[in-house]
Structure formats: C-alpha cells, structure tokens
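J.: One structure, pasted below without further comment.
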C-alpha cells in the first residue's frame, strides 16, 4: 500500500481588521475579516515535521495588519490582490494563495438630519465578500454578497409541480417569498472598478428579485442571474444560493377566522435549498 | 422541614409572527417574536399534577396568532397590551401576565431610485423590544432597543483611573469606542403615542452617543440616559447596557510602522460590562 | 426635575482561563469563563467622568489570570470566593462584588481501554456554573448547571388542562419529554465541600427526572427540586428552568402509516417556558 | 451573448428526525438531521417556470419521515442509501441524489450506578456525519465526524519554521494543542458494517492524536490520517480539518509570577486553518 498526501492547505482565519482613515472633515472606517490560505510544497511538514517551508499562520496575521497600514483598503478586492501578491512573491514554496475577505457594513449615524462625521452604526446584516486566488500563472477575483435577507409579499407562486405518494403540498398562486441571499460572481480580469461594479450588480439582483413574476424560487434565481450577466459584461459567471425561508400560513379556521395571506409563522427549519450557477459562453 | 414553591412562571417563547397588511398601493409587513408568561395559582399543577388551572402554552401560541389577525399591530406596545388584557380577563387563576415582544426591522428595497411597494430587505440587526406586565391592579409598559452596534472614532478617552499591582493599562486620550447598545425605558402610563416616543428616544440616544466628549463608557452612558429623561417626560426610568467592544491598537513597532489610531484588531472576548439605570424623582 | 443614578455595575466578561496542573503521572486541566462585576461608589465616574475610583476592567482581567496562577482551581466556587475577597479587600470604593463562573467539561480520551493521562475531549455540552456575591456583611454562594439536554421517552403525559376558544391541543398520556435543564441552587454557608455537593445534587436531579411519572413539566420540575431539598440539607433554595423542547408526532396518516410514538419532528421554536423555585422554610 | 445554466441543485435541509424504538426492556432513540439534494433535468423550471419535473422540497421532507417509519435507522449510512435509492428510482428526471445526514449523540442517564432504560442526556457536542451520492452508474458513501473538540497538554511543539520581516512568533517545544476536529472518509463500496468501521476509525483518530509527538498541526494531521488508512482497508481517502484553537500563554511577568505552561487564555479568533487529505494509491 502506498499513502499519498493528495491535497493540503493552511492559513489563518478570522483575522479581524478595522482601519480608520482620518480625513479633514470626517473619519472613514472599514471593517474586514480576512482568511489567508496557502497551497504548495508542504509535504515534508506533514510527513517529517520539517517546518522550514512553513511561514507561520501567526506571521500571516501580522502581515495582514502591516499591509493594511499602507493600503487605502477602499475595496476588499484590491486589498486581497495586494495581500496575495505579497505572499506569492516572497514565498517560492507557495504555489497558490487564496485570500477570503468579508466586509461588514457601517453607516454614519443620522444626527439632526445629517450624517455625523465620526459616529457609525451597523448597517444591515449583509456582508460583502471577495475571494482572490493567485498562482504564478493566473489570478482570479470573485466577489459576492451574503446574509442578505430579502422578502417579497406577492408575485410569487408554486404550482403544477410533480406529485408522488408522499406529496401533500397544494398549489399556490400567492405566497410570501423570503430568502437569505448569497451570491458570488466571477470577474473577467482583475483591474476593475470594483466599487461601481459591486454597486451595479447588487442593485440589479435586488431589482430583479423585487419585480419578477415568480413561478418558483428556481425561476426567480435564474431571472436574477440572467439580469446580472446581461447588465455587467465583466461578469463571466454567477453562483446564487437562495434558501427558501418558509413563511407558513397559520390555520385560523378552528377559530372561525379567515386568513387571506395575512398571518404567517416565520420558520428557520426546515428550509428549501435552491442553488444555481449561470455562465456566459 | 417544610418545602415551599416560592415562585413559578410558565408560558410560550419564540412565537414568531409575520403580519402582512395589503394596502391599495403597497404591502406593509410587521415581524414580531413574542413570549407569553403567566404567574398565578399554579401550585397544585406542581405538587399534584393537577392541570385544571393550566391554560396550555400551545393555546397561548394560538391566541397570539388569532389576536394578530384582527389587531393592526402598528406597535408592539399596543399589541402586547391587547394580549395581556385578553389573558388576564379570561383567566382568574392568572395573577400576572408578562408579554415580551421583539420586532425585527425591514426596509423597502430601493428600486430605480424609489422604495418598492412590495419588496423588503432586513434593515439593520437591531431589535425593537417591549415588555408588558399586567395584574388586576397595575399595568406597566417598558420599551427598548437591543443589538444596536454603534461606534465613534474619536472624542473618547479613559485616564486617571485607579491603579493596583495588577494594572498594566495605560491612560489614553483617544480610542475607538464601540458598543452593542441595549436600552429599555419605563413609561409613565400606558395610553401613549408609542411610535413617536420610540423615534424620539432612539434618536436622542444616538445623538448623545455621537456628540459626547467621553471620559469613560460610564460617562457616556450617563449622558445618554440623562438626555432621554430630559427630553421625554413620559419616561420614568431608563436602563442602559453598553458592553465595551474593545478595538485593540495593533503594535506595528516590530515592523517599523507607526500606528496613530489607524489599524485595530476587532475583538469579541473579553469585553467590558457597563450598566446603569437613571431615574427621575 | 431631579435625575438619579439608581443602579450601576461594571466589570469584565468572557475572561477565559485554562489552568494546566502537571501532576507526576497525568496532566489535569480546568477551563473556566469568568465575569467580574462591581457595585459601589461610582457615581462621579458617571456624572463627571472622574475615574479615580474605577479599577479598570482590564485590571480585573489581569487579576483573574494572576490569582489563577497560585490557586488550585479545584472548584469554581472556591476560586470565585477567593477572587471576590481579593477585590473587596483591596477596594473600599466597591460595595458589592459579584463573580460569575462557568466551567466547561473535559474528559480524558480513552486510549486502548484506559484514560490517556495527557489528552482530553470535550465531555458534554453542559456547563457548571457558580455565582459569588460578597459585601462587607454577607457572602452568598450559588451553584448551578446549564445547557444540560435531557430527554425521557415515556412516563410523561399532559391532560385535563384548562381549555378556551383557542385550545386545539389534545390530551396525551404518552409523549417525549425533552428539556434543556438549567438549575441553580443557593447554599447555606460558604465553607462547604463543593465537589461532593455538586455531584450529589446533579445526580439527584437526573434521577428524579428519569424516574418521575410526569403529569406535566411543572409536575416534574417540582419533584426534582423537592428531591434536591430533601437530599441535601446545605441547599436553601433551588431555581429550575425547564424549557419544553417539543418533539412533535409526525402525521403519517396521509401515507397510510401508523405512528405509535415512533417518528417525531425535533423543534427549537416555539418552546414552552417552565420555571419554578423551591425553598425550605 | 449566450447564457447557460451551468449547474443547479435543490432540496430540503434541516429535516430533523427523532426515531424512538421501543424494545422490551429499553427505549432506543436516534436523532438525525437530514438534507436531500437533487441534480437533474431542471433547466425549464429555471428558464420557463415549468415545475412539472420538480418534486417539491416539502415532499422530500415528507418522504424522509415516511421512510424513517419502516427503516431501523441503525446507521445514518444505511438510511441515507435507502433514501437515495428511493428518490432515484422514482424520478427519472433526477440524475444525482445527494443525502447529507448528521447524527447527534445521546447516552443513557446513569441512575443508581446503571444506565436508565428510558432516559437520556446529550453525550458530547460531536456529530456523526454521512454523505451519500447516487447516480444511475455509481454510489459513494462518505462518513465523518465533526465538532469533536480535543486537546493535548504536551508532546506538541512548533519550531524551525520559515521567517520573514513580519515574523514575531518564537519557537516553542511545549504548548497546548487544541483543535475542533472534522474528518470525513470515503469508503470503498457501500455494503459495509458501518457501525464497526466508524468505531474503529474514530478510536484510531483519537489514539493517534493523543500519542503523537507533534512537531506541528500538519505533522499530527498526517499521522492521524495515515493511521486510519493503515488500519482500515475499506477507507480509500480521508479528509481532515484541524483548526488550531490557540491557547495563549498569559504573560505574568509584570506581576513577578512565572508561567511554566500553567495559565492560558482560551481564544476563538483568530485561528489557524490546517487541512489535508490522504489517499491510498
């Protein structure tokens, strides 16, 4: 018998950075959680405990903070590219660097009708994400959004589906459609205006969701992905994960009350899983 | 030896309600999690297993949904009062009803520059809360806010504190001040305009936080509570919990880099606990 | 109008300690999360930003680690008493110290049929807790257990309960009874054998739960508390919180299958809240 | 431009099942969370809203409960295979079924020195997992364990690693090594004694962890995987994920106290990521 190490990776996760830029009239903040991951010539670390190729995960953490000092951190995509290049350039033993970044949202506190220049509150639960992968030959940038809870109150049905002996669900022409959207898209190229692209893609996803006449979650997922590919030529592929967060109509008949889509139980479990990827060819 | 049942309560928690009101041009949603709790003549249920006085927690849940049908649910305070009265009126064995309500925030999706009438996204992580307590003699309304993550980038110091042999902390005149605010306030009376009051109190808390020259978390907590009591005469008492979410300055000296309050580690543990209650007399 | 600071407390939470005692033939570990809280003469810290009475929460954290160095940490109760006395003795401005401790459970890994002397795995999800409160005049010790998920498959019913117009629940003589037990008990005195007492109380709670012919959660809660008070004279009072974690019988009738208490849906929400305190007099 | 749907899947997640088997002298329980996922001819559901091929996720949930009724559920692997075959046989439109199963651990309550036949407590936080993938041509079974928190107090070092300008970590010959183990292994074949195999693999992993002279997490991960492959010929491949849960030595020097690996801060963030896969060839 022969035993092979078929794949390995290592790095540091949950490196939490806040950068404060003090401008003349306001203070800007960026909060990003970062994970660094390396693949490469690490076989002897595993087989023999030879650490001479292993740049410590503690050093990776230090590097994130040190490089954040001199980088403007205006987009997680650009900072991820900067980090990846630093690690790859300085470490011939690393064949592939992967940087995962997650940005949390802050908004200026409204005070007396205008945004306060130096005080913030968390803005929404959604996260902006990016994944950079870099080898000597190739660099890819993937951006995304996660934990974006959205809901539409109408224009959503599900009917004429396949039935079998265990089917009890009834057709519906009108239901609440709620999902915790996660989407990530793969860019063509790396030298891009990530601020504008993200803004366009996110508003396209939301608009397509809000306005679609939905015959199923699958149907709306496709419409959203298609709209992004048609609108933003720099996107080669988009992956969308739209769990169906069921809002169950409460049966009020025992109490002689009608319920015309008015009162719902909000549930977390179980939930429908709906995933799809759309690609231009 | 004599054994006494010195206190009891029972009820149903995590009753999750969504109410959808279909107006002519838009759909309004309210999402509320509710807990009902009863105290009363339940000794024999405990000692003898005699359930004749025990209105099931399942019935409590049904009641929440049934009463939500015909109530506008414009404020959690008014709906909580309605629920409490229903339970107390129909159940002489109940001496005290406590209703806890927690409202999650939704905002209309912006589509083509204006709010979409029938599509929503989660707005912030903060929750609006209310607690109603009702007996035959007395009703109290407490409202609050929780999980409101706020941060100010300046005007925050901590110095000239007490020192002992285990003190290593240094004085600071400038630090990030971040907290996950929870506050609840006790109203005088129950027939109030809860919408306007909440709006005023919440903006007062935020404004006081943003503008205070803070010498400590305690100092700012007091300023915030005082401002609320001075602004809103219907508030008798306010409890504020402001955990100090430490943002630690990264030591970049080993890398010959300065760090003038620019790069911070965001931490969850450990955290400072700072709590205070202010009352008018 | 006069504004009063009616109560305050401050301290440090989530101070996570692991102590490793290296014995001749084995290594012993203790993992404890600690929260320190002070009440006292802190009015001027709030009103004027005068920190001269404020021992920093950072110092409190340092103190926990420094005192853990020379204390055997055999019980969280004894270590909590030691910490409380240290803070109270050295700080006349503190009127009351509260120390909350939570111990996580580890068991030696079984290797080749016997416990390995230097390797451990997490043992259960339950936590052992203690709360020490100390003033110049009085010291109290409260011990407890939390997050102890327990379940009995039989000897549990709920019937002959009060009904109203919103009651749809049916009587049942046989159901799964599952709860996430949290209990804490108040000792008479502070110089006690906390190891033996805890062991006896915990096994008494479990045995009473397992063997009770339950007519309701309330009925079993009382039987458990009563058994503890009858067995352990050092306990003055016990508080028990037994949420009813509903296991719902699945309706298999549409598929022509019987379901004699065989197949259940495990649910987290909503859940019944059942709380009670028993005291000796 | 042409837009393609490059991949899709859908199903139901968090289907939570408890099965109670009433034997003559004791009651046996199995608690399993299940996720069903389908790939297949679902393009028109996405592009046209044609649901005629879509077996509802609600039906998938019903099927899980109905099939659990007549299956002994002795192993999650066998039940997963049974579910996968049911879905694939009845649905020509499905090309691939994936069933994910996660079993939570229960142990009989010890009462008067022996296990109670009808009362249980949660046993550990670890989960037993399985993933079944089935197409017309091929079936694979992957089993695993997750959330197994383990720790060794000695025989762990990390030294002679690569250094750069951002390295501050010092060599250590003796540290606490703690990890939250997740491992999954791929079986050769599907008609196996899953009970015995799991038992052997899990005890092999634990024993290798406990006894290894570790020069790094990578080094121990490899030793554990190698031991499994050498011991259990039915395993073709094993993936191991061993996050380094750092236990940081507290600096007690400012207080003139030594700290010879006695007092540690337990941390969750940041953490080292260490992953590897070993395969026989």
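J.: Percentage of Cα-Cα pair distances in the stretch C:1-97 greater than 22 Å, rounded to whole percent? Could you put the intermediate results ahead of the total?
T.: Working: 1787 of 4656 pairs.
Summing the P(r) of the stretch C:1-97 above 22 Å gives 38 percent of all pairs.
J.: Moving on to the next point. Can you give the angle from 0 to 90° between the axis of helix D:217-231 and the longest principal axis of chain D, with both taken from C-alpha atoms, to the nearest 10?
T.: Value to nearest ten degrees: 50.
J.: Relative to the compact-globule scaling 2.2 N^0.38 Å, provide the ratio for the alpha-carbon radius of gyration of the stretch A:232-281.
T.: Numbers: Rg = 18.3 Å, N = 50, 2.2 N^0.38 = 9.7 Å.
Normalised Rg, Cα atoms only: 1.89.
J.: Specify whether the C-alpha gyration tensor of the protein assembly as shown places it in the rounded, prolate or oblate class, a ≥ b ≥ c being the square roots of the eigenvalues: rounded for a/c under 1.5, otherwise prolate if a/b is larger than b/c and oblate if not. If you can, show how the numbers build up before the last one.
T.: On the way: a/c = 1.12, a/b = 1.03, b/c = 1.09.
Taking the square roots of the gyration eigenvalues as a ≥ b ≥ c, the protein assembly as shown is rounded.
J.: Between rounded, prolate and oblate, where does the stretch C:112-233 land on the alpha carbon gyration tensor, with a ≥ b ≥ c its root eigenvalues, rounded for a/c under 1.5, else prolate if a/b exceeds b/c?
T.: Details: a/c = 2.45, a/b = 1.46, b/c = 1.67.
Taking the square roots of the gyration eigenvalues as a ≥ b ≥ c, the stretch C:112-233 is oblate.
J.: Okay, next question. Give me the one-decimal Kirkwood hydrodynamic radius in Å for the stretch D:52-147, with the sum taken over alpha-carbon pairs. It would help to have the intermediate numbers written out before the result.
T.: Numbers: mean 1/r = 0.0652 Å⁻¹.
Final number for the Kirkwood radius of the stretch D:52-147 is 15.3 Å.
J.: If you don't mind, there's one more thing I want to ask. Pairs of Cα atoms under 8 Å, at least six residues apart: use those to get the relative contact order of chain B, whole percent. Before the final figure, lay out each step's value.
T.: Working: 526 pairs, mean separation 34.5, N = 281.
Computed value for chain B: 12 percent relative contact order.
J.: 222 nm [θ] for the protein assembly as shown, helices only, -39500 (n - 2.57) per DSSP H run of 4+, per residue, to 500?
T.: Value at 222 nm, helices only, nearest 500: -8000 deg cm²/dmol.
J.: Now, a different point. Tell me, how many Å apart are the Cα centres for the stretch D:168-186 and for the stretch B:220-269?
T.: The stretch D:168-186 and the stretch B:220-269 have Cα centres separated by 35 Å.
J.: Also, quick follow-up: If you count, for every residue in B:157-165, the Cβ atoms of partner chains within 10 Å of its Cβ, what is the mean?
T.: Per residue, the average neighbour count from other chains is 6.
J.: Right, next: Report, as an integer, the average count of C-beta atoms from other chains found within 10 Å of each Cβ along A:180-186.
T.: Numbers: counts 1, 1, 0, 0, 0, 0, 0.
That works out to 0 on average.
J.: Can you pull the Rg over Rh of the stretch D:32-75, Cα-only, Kirkwood?
T.: Values: Rg = 13.8 Å, Rh = 12.4 Å.
That ratio is 1.11, to two decimals.
J.: How far is residue D:115 from the same spot in each other copy, in nm, shortest first, if each label point sits 7 Å from Cα toward Cβ?
T.: The answer, with the shortest distance listed first, is 2.0, 5.9, 6.2 nm.
J.: Could you put A:230, D:28 in order, starting from the residue whose Cβ has the fewest other Cβ atoms within 10 Å?
T.: Details: A:230 13, D:28 18.
Least to most surrounded, the residues fall as A:230, D:28.
J.: For the stretch A:124-165, just the Cα set please: Rg and Dmax, both in angstrom.
T.: 19.3, 55
J.: Now a separate question. Any chance you could list the semi-axes, whole Å, largest first, of the equivalent ellipsoid that the Cα gyration tensor gives for chain B, using √(5λ)? Mind showing how you got there, number by number?
T.: Values: eigenvalues 332, 143, 69 Å².
Listed largest to smallest, the semi-axes of chain B are 41, 27, 19 Å.
J.: Once the label point is set 7 Å along the Cα-to-beta-carbon vector, what list of distances in nm do you get between residue C:251 and its counterparts in the other copies?
T.: So the distances to the same position in the other copies read 0.3, 6.5, 6.5 nm.
J.: Which three extents, in whole angstrom, do the alpha-carbon atoms of the stretch A:3-60 cover along their principal axes, largest first?
T.: 61, 20, 14
J.: Test of understanding: extend the Cα→C-beta vector of residue D:23 to 7 Å, then name every residue of the stretch D:74-97 with backbone N under 15 Å from that spot.
T.: Backbone N within reach: D:74-75.
J.: List the distances, in nm to one decimal, from the label point of residue B:171 to the label points of the same position in every other copy, shortest first, placing each label point 7 Å from Cα along the Cα-to-Cβ direction.
T.: Shortest to longest, the spacings are 4.3, 7.6, 7.8 nm.
Bear in mind that the values in this text are calculations on the coordinates, not laboratory data. This is a predicted model, so every value here is computed, not measured. For neighbour counting, all protein chains shown are included, and Cβ atoms are generated from backbone atoms with ideal geometry for every residue, glycine included.
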